[in-house]
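Trainee: Let me give you the structure first, and then I'll get to my questions.
The values are calculated or read from the model by the stated rules, or taken from the named source; none is laboratory data. The model shown is predicted, which means the values in this text are computed figures rather than measured ones. For neighbour counting, all protein chains shown are included, and Cβ atoms are generated from backbone atoms with ideal geometry for every residue, glycine included. SASA here: full protein model, heavy atoms, side chains in, ligands and nucleic acids out. Shrake-Rupley method; radii C 1.70, N 1.55, O 1.52, S 1.80 Å.
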Amino acid sequence: MRQLTTYRNLQVFLVLMSIIGMSFAFFFLQRHLGLMPCPLCIFQRVGLIIMGSFALISALFNPKSKVVRLLLWFGSLAGIGWATAVATRHVWLQHLPADQVPSCGPGLDYWLDTLPILQVFKEVFAGSGECASVDWTFVGLSIPEQSLILFVVLLIVHVLILMRIIKSPKATRIA
């Protein structure tokens, strides 16, 4: 079991989960089922891509320095933390009573073209009617609920990685 949970293997697992998650979203949900992602879905994808990018760097270079490992871990954690927070907000919007769901607004493309970036973030997190709709379920779970479960698992993997970093035999210098 210890061999499966080495620093590098855990990073490879994160990369694979990022690839699988993005492939599922793009090829199955978007291309096969024809579901277009709402703004919150896009923000979740961004977090997953950030996590996967930092994990890929960690897996490819397998740094020996604790400082470098911690910096890469923090970048990866920031990405999946972002995705988890957005997914939590998305699930919350989907469980609002119908009379409390925000009205549908213009799409993310319009906001990006016309509003300052901070206003775009504010509008996206306010949510819209399209974010509250449940277009597809699997075993009774909506897409954001499934995403949230995946993201929580990936956060647990991040805890394992942190334990590996802290327990590494000795700190090496950045060279």
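Trainee: Any idea what diffusion coefficient the chain gets from Stokes-Einstein, in µm²/s, Kirkwood Rh on alpha carbon pairs, 25 °C, 0.890 mPa s?
Mentor: D, rounded to a whole number, is 141 µm²/s.
Trainee: Still on this structure, please answer the following. Just subtract the alpha-carbon distance of Asp113 and Ile42 from 0.36 nm times their residue separation and send over the number in nm, one decimal.
Mentor: Once the chain is fully extended between Asp113 and Ile42, it gains 23.9 nm.
Trainee: In whole percent, how big is the carbon plus sulfur part of the accessible area of the chain, probe 1.4 Å, protein atoms only? Display every interim value, and only then the final one.
Mentor: Details: 7180 of 10180 Å².
After summing per-atom areas, the C and S share lands at 71 percent.
Trainee: Over the alpha carbons of segment 1-69, what is the largest minus smallest coordinate on each principal axis, giving the biggest first in Å?
Mentor: Projected onto the principal axes, the Cα atoms of segment 1-69 cover 44, 25, 16 Å.
Trainee: Give, as a single signed number, the net charge of other residues whose beta carbon lies under 13 Å from the beta carbon of Phe61, with Lys and Arg counted +1 and Asp and Glu -1.
Mentor: Within the 13 Å Cβ shell, the charges total +3.
Trainee: What does the highest-first list of 26-34, 87-95 look like by mean Cβ count within 10 Å?
Mentor: Details: 26-34: 11.8, 87-95: 18.9.
Packing order, densest peptide first, comes out as 87-95, 26-34.
Trainee: Explain nothing, just the number: dipole magnitude of the chain about its Cα centre with +1 on each Lys and Arg Cβ and -1 on each Asp and Glu Cβ, in debye rounded to the nearest 20.
Mentor: On the way: 13 positive and 7 negative charges, 307 e Å.
Using only the charged Cβ atoms, the result is roughly 1480 debye.
Trainee: I want to check the label-to-label distance for Phe27 and Ser133. Put each point 7 Å from Cα in the C-beta direction and report it in nm to one decimal.
Mentor: About 2.7 nm, to one decimal.
Trainee: Might you tell me the accessible area per residue for the chain, computed with a 1.4 Å probe and given in Å²?
Mentor: Using a 1.4 Å probe on heavy atoms only, each residue of the chain averages 58 Å².
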